[in-house]
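So the structure is just underneath, and the comments pick up after that.
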2 protein chains.
Amino acid sequence: MSKLGFIGLGVMGGPMAGHLSRGGHDVTVYNRTASKMDAWLNEYEGSSACTPRLASTGAEFVFSCVGNDDDLRAVTLGPDGAFVGMAPGSVYVDHSTTSDIVARHLAELGLRQGIEFLDAPVSGGQSGAEKGVLTVMCGGREQAFERVRPVIDAYTRACMLMGPPGTGQLTKMVNQICVAGLLQGLAEGLNFGLTAGLDMEKVVAVISKGAAQSWQMDNRAASMIVGEFNFGFAVDWMRKDLGIVLDTARHNGAQLPVTAVIDQFYGQLQRQGANHFDTSSLIALLSPRASTGSPDSH
Amino acid sequence: MSKLGFIGLGVMGGPMAGHLSRGGHDVTVYNRTASKMDAWLNEYEGSSACTPRLASTGAEFVFSCVGNDDDLRAVTLGPDGAFVGMAPGSVYVDHSTTSDIVARHLAELGLRQGIEFLDAPVSGGQSGAEKGVLTVMCGGREQAFERVRPVIDAYTRACMLMGPPGTGQLTKMVNQICVAGLLQGLAEGLNFGLTAGLDMEKVVAVISKGAAQSWQMDNRAASMIVGEFNFGFAVDWMRKDLGIVLDTARHNGAQLPVTAVIDQFYGQLQRQGANHFDTSSLIALLSPRASTGSPDSH
């Protein structure tokens, strides 16, 4: 069993750190809002620290699951950052969804002081984190990946090394692009069917047997039809992810004509106060009927 | 075993009529281009007729699988149309993808002379037709549906009555809307990953385990990555289907902001001579690498 640091106890990080604690590891947690540490310590064994540096001191592996590039820099760099507390030979695993630029930058900085950095964004959402069945897309060096793999097994169902630093984040971006397009197609399809007065339960039953099938159709069509958007991964987070995606594409030259439009739709949902709706709420922009679920109902 | 008429021996209708013949039915075929009837008769038992009317005379069930609304009207109405040959109590099953308007119109006309009309578009593509595993979405009256069900079992895996006349076509439209959005998302995602230099085989392996999974990802990502678009269901056909979809939405008021854009993309592929590429060729508009497969290679 190892000494671990875990930074960021949100709806994802909280249960992930919990799985590590229940797996018998010695976990020290840090969270910007201190009350979340108390709540976590009420549920799991472990200890807390006042800074990322203190949470990381003496740890063999340090994990983070925070908001964006700036949040990640804030918890790793500077005098109270994790990198100051970490010893050579230790491994930093970042589960946040960030740009590949910050991931490569931190991998480089880490290398100079003998710290391995892995960008390791996840998919599977809040329920995947709680059930410990996340999918992890890793960028970094193979040796570090092999060392951390048995540890994060506590909350992963699938875990793959994609390539050098940054490739974990880039893979997550591919994932979000695919999800955005398919959710919009699903939203337009379901709304069209509702407008035409079809029995949508039957429609989904029959078309999910063929070429229109998707995980989103299997898991979200029923709630989209009745206008319920309480599945955790929120519009605000998707908007952040798509911002990174579009920014990255602006630099590498990849065309994203429809993803760019869907990003605008998520922006429209934000302006309507649907920030906490889940990502399938794109249908609420199309259908008055599907927009009856209020943002407060989540 | 029944006496059947089958109108339209294209890549879908040919094998479907073949399954009926092999199922022991007495099948009379009609096709506008006569040479296709000869080819069909070389492969299957049955007979041919010079007009839809003659192919339908004395048949208990008449099937069609033709191009568009006009084609369907041409084979059903007028002095040489199937409706003239059919007797009261017989059932007409149209497997074409058409508007719901023509379906309701023919159901009404049929009713006046005691002919049951079912709109019964299929999904599953050419390979589904060949293997006899199509999905059929039916609109029409339950009694007629139940009568025809055991017959079309010869080439269906799933078959559902969606509601009154026209609802089969409307369900197919929902299907095509969903497919369009998810194919464009998949195209943008894969192209982004290729541009970023990712190992796309690994990327698909990991993201297909989660929220981005789709039938299209499972069955088309690999060929899209290498720029092969030889899977049968062609850009020209998708363009026709989306034309019906957008026309229907113009009347019922359903918003299709992204579907409308994707229809334009398919139009762009047509102008580039990619008419016979399969529908996953949307990626060819994004990626020079993926557009290396020529239209002639299909």
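The values are calculated or read from the model by the stated rules, or taken from the named source; none is laboratory data. This is a predicted model, so every value here is computed, not measured. Backbone-built Cβ (ideal geometry, glycine too); neighbour counts: all protein chains shown. Ligands, DNA and RNA are excluded from the accessible area calculation, which covers all protein heavy atoms including side chains. Shrake-Rupley method; radii C 1.70, N 1.55, O 1.52, S 1.80 Å.
Things to note:
- Rounded tilt (10° steps) of A:142-152 against the dominant C-alpha axis of chain A: 70 degrees
- Mean sequence separation of contacting Cα pairs (under 8 Å, at least six apart), scaled by the length of chain A, corresponds to a relative contact order of 13 percent.
- When DSSP beta bridges are restricted to pairs lying wholly in the protein assembly as shown, around 15% turn out antiparallel.
- For peptide B:261-271, the mean count of partner chain Cβ atoms within 10 Å of a residue's Cβ comes to 1.
- Rolling a 1.4 Å probe over the protein heavy atoms gives region B:42-104 an accessible area of 39 Å² per residue.
- Positive contributions from Lys and Arg (+1) and negative ones from Asp and Glu (-1), summed over other residues with Cβ under 14 Å from the Cβ of residue B:82, come out at -1.
- Measuring between alpha carbons in the structure, the pairs from A:240/B:240; B:3/B:131; A:36/A:172; A:240/B:172 lying more than 31 angstrom apart are A:240/B:240; A:240/B:172.
- The amide H of residue A:134, built 1.01 Å from its N in the peptide plane, has A:156, A:157 as neighbours under 5 Å, considering only residues 5 or more places off or on other chains.
- Residues residue A:113 and residue A:146, FRET efficiency given R0 of 22 Å [Cβ-Cβ distance, rounded to 0.05]: 0.55
- Value of [θ]222 nm, deg cm²/dmol, for chain B, DSSP H segments ≥ 4, -39500 (n - 2.57) each, nearest 500: -15500 deg cm²/dmol
- Tilt relative to chain A, helix A:167-195 - C-alpha long axis, 0 to 90 degrees, to 10: 20 degrees
- Taking Cβ atoms as reference points and 15 Å as the exclusive limit, the residues near residue A:143 contribute a net charge of -1, counting Lys and Arg as +1 and Asp and Glu as -1.
- Here region B:248-274 is scanned for amide nitrogen atoms under 18 Å from the site 7 Å beyond the Cα of residue A:271 along Cα-to-Cβ, giving B:257-258.
- Tilt relative to chain B, helix B:257-271 - C-alpha long axis, 0 to 90 degrees, to 10: 90 degrees
- When DSSP beta bridges are restricted to pairs lying wholly in region B:3-164, around 10% turn out antiparallel.
- Considering only chain B, percent of DSSP beta bridges that pair antiparallel, nearest 5: 15 percent
- Protection-proxy order for peptides A:256-263, B:263-270, each taking the mean of Cβ atoms within 10 Å per residue, highest first: A:256-263, B:263-270
- Cα gyration tensor shape of chain B, rounded if a/c is under 1.5, else prolate or oblate by comparing a/b with b/c: prolate
- Rolling a 1.4 Å probe across all protein chains gives residue B:3 an accessible area of roughly 70 Å².
- The three principal axes of the Cα atoms in region B:3-164 give end-to-end lengths of 38, 34, 26 Å, sorted in falling order.
- Neighbours of residue B:275 by Cβ distance under 10 Å: Lys/Arg scored +1, Asp/Glu scored -1, total +1.
- Accessible area that becomes buried as A packs against B, both chains, 1.4 Å probe, Å², nearest 100: 4800 Å²
- With a simple spin-label model that places each label point 7 Å from the Cα along the Cα-to-Cβ direction, the separation between residue A:264 and residue A:32 comes to 3.0 nm.
- Residue B:27 long-range amide H proximity, modeled H, under 5 Å: B:4, B:47
- Rounded, prolate or oblate (a/c below 1.5 giving rounded, otherwise prolate when a/b exceeds b/c) for region A:170-297 by Cα gyration tensor: oblate
- Accessible area of region B:3-164 belonging to carbon and sulfur atoms, whole % at 1.4 Å probe: 51 percent
- Shape call, the protein assembly as shown: gyration tensor on alpha carbons, a/c limit 1.5: prolate
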